[in-house]
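Asks: Have a look at this one.
The values are calculated or read from the model by the stated rules, or taken from the named source; none is laboratory data. These numbers come from a predicted model, not from an experiment. Here the Cβ positions follow ideal geometry from the backbone for every residue, glycine too, while neighbour counts run over all protein chains shown.
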Amino acid sequence: MSISIDETICNGCKGLPEARCERICPGDLCYRKENTKAAIRDQSACWTCGCCVKECPVQAIELRLPFQICSNGSSLKARLKPDKTIWTVWDAEGRPEEFIIQAKWLKGD
Amino acid sequence: MSVISIDTDILIVGGGAAGCFAAVEIYKKSPGCRVVVMEKAHIERSGCLAMGLNAINAYLHAGQTPDSYVAYVERQFEGIIRKDLVSSIVLGLNDVVKDVEKMGLPIEKHEDGTYKTRGKRSIRIFGERLKPILAQTVQKTPARVLNRVVATNFIYDGTRVCGAFGFGVRDGSFYVIRAKAVIVATGGASGIYKPHNTGEARHLLWYCPWNAGAGYAMGIRIGAEMTSFENRFIALRVKDVNAPTGTIAVGARSKQINAHGEDYLECYYKHWGGNRCLTHHRLLATVQEKKIGRGPCYLDTTTLNEVEERRLKEDFLNMNPQIILLWATKEMNPRRRPVEICGTEPFLVGGHCQAGYWIDKDRRTTIPGLYAAGEVAGGAPKKYVSGSWVEARIAATTALEDTKGMSLMNTEEEAIGRERARVLHPLTRKAGISPAEARERLQKIMDEYAGGISMDYELHEERLLEARRLLKCLKDRMKDLAVANNYSLVEALECVDRIDVARVLVEHLIYRKETRWACYQTRLDYPEKDNSRWLVFVNSTYNPRTDEILMAERPLCS
């Protein structure tokens with residue numbers, strides 16, 4: 001598994017013509033299911049680039065590594081602010097660690 | 001399926017680093033010029049820069065001269081580079097970086113405002129949003145961006161490229177875009193070889209998995225001259241997650257060690273220059289250590305302190321977030337355990353190596369009306385992202401100049417119908433070969449017979465001839481591709497493109513009968529570098545009427 005979408009958080013970007021992850025995925029892998037939740041069509045085609053993770057405004061998507069690469073169960077999420085990106089990584093024991101990195105966004109938050 | 005026809009002045013195929021920069025450049029120079037950018041994904045996060053970038057590796061720092069820079073690239077590539085192209089890139093590097101900084105890219109600086117150096121030709125950037133920054137700058141121009149439209153072929157009447165055909169993944173439409181000039185900027189090719197990760201991790205690649213060589217293939221199919229496909233690229237990277245070793249080796253000054261803890265470059269490969277050896281020797285040494293039984297090899301990160309570790313993680317989040325997941329457990333912490341490194345499968349790229357279109361110094365390809373910039377353009381290795389921007393600037397300038405006073409050419413209905421039928425064919429079939437089957441077949445042939453990772457990248461004539469034969473058979477089967485939806489149709493088109501590219505690659509590998517660049521091009525049957533015979537470019541032209549690939553040699557120029 002490369003990304004994991006939490007359906008209890010995902011609101012399918014209701015009202016938008018496409019879900020944000022669907023709009024942005026460089027591999028065209030995300031789509032909206034009939035229940036209006038986002039999904040990935042083929043985990044094995046995922047580059048693990050994290051574009052959907054960054055794009056999701058409600059942090060419903062987390063980045064993971066396929067089990068064959070890494071079996072520790074860690075995960076990663078991001079929140080994009082106009083001047084910084086806030087990353088949270090959960091380690092094997094579920095402990096979070098936060099990274100705040102300067103960035104610049106031209107459009108509004 | 002509907003047909004959407006668009007007329008424009010300049011069409012840019014591929015909205016990555018080079019394509020975006022070209023669009024902005026055209027607007028700056030000629031605000032009234034109509035521009036269309038055809039982009040397979042969405043330009044805000046597409047191509048090589050989708051994940052972000054933590055360094056710009058082609059920059060002219062104080063103390064370096066253009067000549068010293070060109071000499072460095074020439075040495076790295078064993079004497080074979082297009083000096084005219086590399087020189088033109090070097091002269092523009094610092095200007096384009098300044099331009100992108102003005103667009104919004106944060107760059108690490110000294111108090112006096114100069115950029116901090118990160119290695120001799122490199123600067124550290126906070127580039128997680130580099131691609132959105134470029135895209136948003138394009139979106140401020142009147143350029144029309146067609147997201148989710150996949151280029152399938154150039155519109156070519158035998159004399160001049162006058163646009164391109166595309167398939168709209170979202171709307172299912174067939175696009176006919178007529179233009180006075182076309183700048184191809186589609187990037188290089190991944191997925192030609194069996195990847196080092198398989199199964200559910202098959203797309204954990206060094207290079208963008210959706211850069212499938214469309215630009216190369218489209219040029220090949222109209223007989224554009226290509227150069228140096230045999231100069232493959234294999235990246236030495238953090239095993240499995242492909243994080244750049246340069247971030248650790250240059251940024252954190254970690255040494256390469258083998259399984260015995262030895263600084264193997266210094267201990268055993270002093271004759272290549274030890275720690276100062278060429279990039280491909282660094283890779284070869286790592287492969288040798290594995291073969292001898294002194295692998296795996298590592299970057300020794302155990303000497304890092306806590307501050308350095310955190311900085312390293314921040315750098316990786318800007319470019320390769322996967323490694324942070326790998327490290328997120330006590331046993332794998334980089335200060336506790338060195339980071340394992342190995343080579344990836346081979347890729348074809350004109351940005352790290354020099355596979356691509358044969359171009360003149362103004363970035364014209366050998367086909368009138370067609371210009372090339374970035375990874376798809378050949379002869380100028382180590383251009384990386386900043387060099388791609390310079391090339392985009394040059395190509396845009398030339399295309400504008402060449403199209404002054406020109407009018408659009410008509411496209412024959414018959415040509416439109418033919419291409420439309422070709423593109424849609426797999427959708428019309430109920431059963432047949434799936435894109436996954438075609439991809440796996442191609443990757444297996446290339447891995448086993450054309451020097452993939454399972455062969456330690458080694459090549460020789462008999463195997464290459466078998467690759468040639470098998471690829472021809474595979475190409476002939478592609479008329480049986482069958483898919484059920486638009487997403488899979490794109491996968492099918494990628495397979496066709498990759499096979500066309502692979503066939504040209506194999507001819508290049510057969511032709512160069514020496515070993516010029518270790519690992520990238522190691523011939524077991526011709527193990528020596530032969531400067532008396534092979535200090536030349538190997539070029540190729542495909543003949544679509546006879547399905548033959550014609551090889552030619554071009555001299556080095558000053």
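Asks: Of everything in region B:347-372, what is assigned to a loop (DSSP other than H, G, I, E, B) and under 11 Å from the mean Cα position of the chain (by Cα)? Give them in sequence order.
Replies: The initial filter retains those residues of region B:347-372 that are assigned to a loop (DSSP other than H, G, I, E, B), namely B:349-355, B:358-363, B:365-369.
Within region B:347-372, B:Val349, B:Gly350, B:Gly351, B:His352, B:Cys353, B:Gln354, B:Ala355 meet the criteria.
Asks: Further question on the same structure: Using the structure shown, decide if B:Arg148 is within 14 Å of another protein chain (Cβ to nearest Cβ) and buried (at least 19 other Cβ atoms within 10 Å of the Cβ). Break it down stepwise before answering.
Replies: Values: within 14 Å of another protein chain (Cβ to nearest Cβ): yes; buried (at least 19 other Cβ atoms within 10 Å of the Cβ): yes.
So B:Arg148 passes the test.
Asks: Could you tell me whether region B:465-484 includes any residue that is in contact (Cβ under 8 Å) with a residue 12 or more places away in the chain and on the phi > 0 side of the Ramachandran plot?
Replies: no
Asks: Which of the following residues is free of Cβ contacts under 8 Å to residues at least 12 places away in the same chain and out of contact with any Phe, Trp or Tyr (no Cβ under 7 Å at 6 or more places or on another chain): B:Glu461, B:Glu437? Step through it out loud before you land on a result.
Replies: Details: B:Glu461 fails: free of Cβ contacts under 8 Å to residues at least 12 places away in the same chain.
The unique qualifying residue is B:Glu437.
Asks: Would region B:2-12 turn up any residue that is among the β-branched types (Val, Ile, Thr) and more than 19 Å from B:Val161 (Cβ to Cβ)? Can you show your working first?
Replies: Kept after step one, since they are among the β-branched types (Val, Ile, Thr), are these residues of region B:2-12: B:3-4, B:6, B:8, B:10, B:12.
Among the residues that remain, those that are also more than 19 Å from B:Val161 (Cβ to Cβ) are: B:3-4.
Yes, region B:2-12 contains at least one residue that is among the β-branched types (Val, Ile, Thr) and more than 19 Å from B:Val161 (Cβ to Cβ).
Asks: Would you be able to tell me the number of residues in region B:185-220 that are among the β-branched types (Val, Ile, Thr), in contact (Cβ under 8 Å) with a residue 24 or more places away in the chain and not in a helix (DSSP H, G or I)? First the steps, then the outcome.
Replies: Taking region B:185-220 and keeping what is among the β-branched types (Val, Ile, Thr), we get B:186, B:192, B:198, B:220.
Narrowing further to those that are in contact (Cβ under 8 Å) with a residue 24 or more places away in the chain: B:186, B:192, B:220.
Cutting the leftovers down to not in a helix (DSSP H, G or I) gives us B:186, B:192.
Of the residues in region B:185-220, 2 are among the β-branched types (Val, Ile, Thr), in contact (Cβ under 8 Å) with a residue 24 or more places away in the chain and not in a helix (DSSP H, G or I).
Asks: Quick one: which residue in A:Glu55, A:Glu93, A:Glu98, A:Glu62 is without any contact (Cβ under 8 Å) to a residue 12 or more places away in the chain and acidic (Asp, Glu)?
Replies: Details: A:Glu55 fails: without any contact (Cβ under 8 Å) to a residue 12 or more places away in the chain; A:Glu98 fails: without any contact (Cβ under 8 Å) to a residue 12 or more places away in the chain; A:Glu62 fails: without any contact (Cβ under 8 Å) to a residue 12 or more places away in the chain.
Residue meeting the stated conditions: A:Glu93.
Asks: Out of B:Asn539, B:Asn543, report the one residue that is in contact with a Leu (Cβ under 8 Å, 6 or more places away or on another chain) and either under 22 Å from B:Phe233 (Cα atoms) or in contact (Cβ under 8 Å) with a residue 60 or more places away in the chain (or both).
Replies: On the way: B:Asn539 fails: in contact with a Leu (Cβ under 8 Å, 6 or more places away or on another chain).
When all the criteria are applied, what remains is B:Asn543.
Asks: If you don't mind, there's one more thing I want to ask. Limited to region A:47-98, what total is found for residues that are in a strand (DSSP E or B), within 9 Å of chain B (Cβ to nearest Cβ) and touching a Ser or Thr at 6+ places or on another chain (Cβ under 8 Å)?
Replies: Pass one, region A:47-98, residues in a strand (DSSP E or B): A:61-63, A:75-80, A:84-90, A:96-98.
If we keep only those that are within 9 Å of chain B (Cβ to nearest Cβ) as well, we get A:63, A:75-76, A:78, A:80, A:85, A:87, A:89-90, A:97.
Now narrow it down to the ones that are touching a Ser or Thr at 6+ places or on another chain (Cβ under 8 Å): A:63, A:75-76, A:78, A:89-90, A:97.
Final tally of qualifying residues: 7.
Asks: With the requirement that a residue be among the polar types (S, T, N, Q) and within 24 Å of B:Ser88 (Cα to Cα), what does region B:515-539 give you? Show your work before the answer.
Replies: Going through region B:515-539, the residues among the polar types (S, T, N, Q) turn out to be B:515, B:521-522, B:531-532, B:539.
If the condition is that a residue be among the polar types (S, T, N, Q) and within 24 Å of B:Ser88 (Cα to Cα), then B:Asn539 is the only one that fits.
Asks: Something else: Is it the case, given these coordinates, that B:Ala415 is in contact (Cβ under 8 Å) with a residue 24 or more places away in the chain and buried (at least 17 other Cβ atoms within 10 Å of the Cβ)? Quick ask: steps written out before the conclusion?
Replies: Details: in contact (Cβ under 8 Å) with a residue 24 or more places away in the chain: yes; buried (at least 17 other Cβ atoms within 10 Å of the Cβ): no.
Considered against the rule, which asks whether it is in contact (Cβ under 8 Å) with a residue 24 or more places away in the chain and buried (at least 17 other Cβ atoms within 10 Å of the Cβ), B:Ala415 comes out as no.
Asks: On to the next question. I'm checking my understanding of the structure. Among residues of region B:319-339 that are under 22 Å from B:Gly127 (Cβ atoms) and in a loop (DSSP other than H, G, I, E, B), which one is farthest from the other protein chains (Cβ to nearest Cβ)?
Replies: Let us first name the residues in region B:319-339 that are under 22 Å from B:Gly127 (Cβ atoms), namely B:319-327, B:334, B:339.
Still in the list and also in a loop (DSSP other than H, G, I, E, B): B:319-321, B:327, B:334.
On the way: B:Met319: 10, B:Asn320: 9, B:Pro321: 5, B:Trp327: 8, B:Pro334: 13 Å.
Among residues in region B:319-339 that are under 22 Å from B:Gly127 (Cβ atoms) and in a loop (DSSP other than H, G, I, E, B), the one farthest from the other protein chains (Cβ to nearest Cβ) is B:Pro334.
Asks: Oh, and also: Is at least one residue of region B:295-318 within 14 Å of another protein chain (Cβ to nearest Cβ), touching a Gly at 6+ places or on another chain (Cβ under 7 Å), touching a residue at least 40 places away in the same chain (Cβ under 8 Å) and not in a helix (DSSP H, G or I)? Please lay out each step first, then the result.
Replies: Restricting attention to region B:295-318, the residues satisfying the condition of being within 14 Å of another protein chain (Cβ to nearest Cβ) are B:306-307, B:309-318.
Now restrict to residues that are touching a Gly at 6+ places or on another chain (Cβ under 7 Å): B:312, B:315, B:318.
Next, from what is left, pick out any that are touching a residue at least 40 places away in the same chain (Cβ under 8 Å): B:312, B:315, B:318.
When the remaining residues are screened for being not in a helix (DSSP H, G or I), the result is B:318.
So far as region B:295-318 goes, yes, one or more of its residues are within 14 Å of another protein chain (Cβ to nearest Cβ), touching a Gly at 6+ places or on another chain (Cβ under 7 Å), touching a residue at least 40 places away in the same chain (Cβ under 8 Å) and not in a helix (DSSP H, G or I).
Asks: Still on this structure: Step by step: first the residues of region B:58-72, then only those that are among the small types (Gly, Ala, Ser) and modelled with pLDDT under 95, then the one that is farthest from A:Ile24 (Cα to Cα). Which residue is that? Full working, then the answer.
Replies: Here is the first cut: in region B:58-72, the residues among the small types (Gly, Ala, Ser) are B:58, B:62-63, B:68, B:71.
This time we only want the ones that are modelled with pLDDT under 95, so: B:62-63.
Numbers: B:Ala62: 39, B:Gly63: 41 Å.
Filtering first and then ranking leaves B:Gly63.
Asks: Another one. With respect to B:Gly387, is the statement that it is away from chain A (no Cβ under 14 Å), buried (at least 24 other Cβ atoms within 10 Å of the Cβ) and part of a helix (DSSP H, G or I) true?
Replies: On the way: away from chain A (no Cβ under 14 Å): yes; buried (at least 24 other Cβ atoms within 10 Å of the Cβ): yes; part of a helix (DSSP H, G or I): yes.
Criteria met by B:Gly387.
Asks: Taking the stated definitions as given, is B:Trp358 out of contact with any strand residue (DSSP E or B) (no Cβ under 9 Å at 6 or more places or on another chain), more than 14 Å from every other protein chain (Cβ to nearest Cβ) and not basic (Lys, Arg)? Give the derivation first.
Replies: Values: out of contact with any strand residue (DSSP E or B) (no Cβ under 9 Å at 6 or more places or on another chain): no; more than 14 Å from every other protein chain (Cβ to nearest Cβ): yes; not basic (Lys, Arg): yes.
Considered against the rule, which asks whether it is out of contact with any strand residue (DSSP E or B) (no Cβ under 9 Å at 6 or more places or on another chain), more than 14 Å from every other protein chain (Cβ to nearest Cβ) and not basic (Lys, Arg), B:Trp358 comes out as no.
Asks: Within region B:169-222, which residues are within 11 Å of chain A (Cβ to nearest Cβ) and among the aromatic types (Phe, Trp, Tyr)?
Replies: Result: B:Trp206, B:Tyr207, B:Trp210.
Asks: On to the next question. Of everything in region A:99-108 that's at the interface with chain B (Cβ under 7 Å from one of its Cβ atoms) and not in a loop (DSSP other than H, G, I, E, B), which residue is surrounded by the fewest Cβ atoms within 10 Å (Cβ to Cβ)? Write out each step before concluding.
Replies: Initially, region A:99-108 is screened for residues at the interface with chain B (Cβ under 7 Å from one of its Cβ atoms), giving A:99, A:101-107.
Among the residues that remain, those that are also not in a loop (DSSP other than H, G, I, E, B) are: A:99, A:101-102.
On the way: A:Phe99: 18, A:Ile101: 19, A:Gln102: 13.
Restricting to residues being at the interface with chain B (Cβ under 7 Å from one of its Cβ atoms) and not in a loop (DSSP other than H, G, I, E, B), the top hit is A:Gln102.
Asks: Which one of B:Ala179, B:Ala243, B:Ala185 is outside the structural domain of B:Arg523 (by TED's automatic domain parsing), touching a helix residue (DSSP H, G or I) at 6+ places or on another chain (Cβ under 7 Å), buried (at least 21 other Cβ atoms within 10 Å of the Cβ) and more than 30 Å from B:Arg310 (Cα to Cα)? Even if it seems obvious, please write down each step before you answer.
Replies: On the way: B:Ala179 fails: touching a helix residue (DSSP H, G or I) at 6+ places or on another chain (Cβ under 7 Å); B:Ala243 fails: more than 30 Å from B:Arg310 (Cα to Cα).
When all the criteria are applied, what remains is B:Ala185.
Asks: Before we move on, is A:Leu76 buried (at least 17 other Cβ atoms within 10 Å of the Cβ) and in contact (Cβ under 8 Å) with a residue 24 or more places away in the chain?
Replies: On the way: buried (at least 17 other Cβ atoms within 10 Å of the Cβ): yes; in contact (Cβ under 8 Å) with a residue 24 or more places away in the chain: yes.
So A:Leu76 passes the test.
Residues checked against (1) of a type in the set (S, T, N, Q); (2) in a helix (DSSP H, G or I); (3) within 14 Å of chain A (Cβ to nearest Cβ):
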{"site": "B:Ala436", "(1), (2), (3)": "no, yes, yes"}
{"site": "B:Leu442", "(1), (2), (3)": "no, yes, no"}
{"site": "B:Arg468", "(1), (2), (3)": "no, yes, no"}
{"site": "B:Cys473", "(1), (2), (3)": "no, yes, no"}
{"site": "B:Lys479", "(1), (2), (3)": "no, yes, no"}
{"site": "B:Ala484", "(1), (2), (3)": "no, no, yes"}
{"site": "B:Val490", "(1), (2), (3)": "no, yes, yes"}
{"site": "B:Leu493", "(1), (2), (3)": "no, yes, yes"}
{"site": "B:Asp500", "(1), (2), (3)": "no, yes, no"}
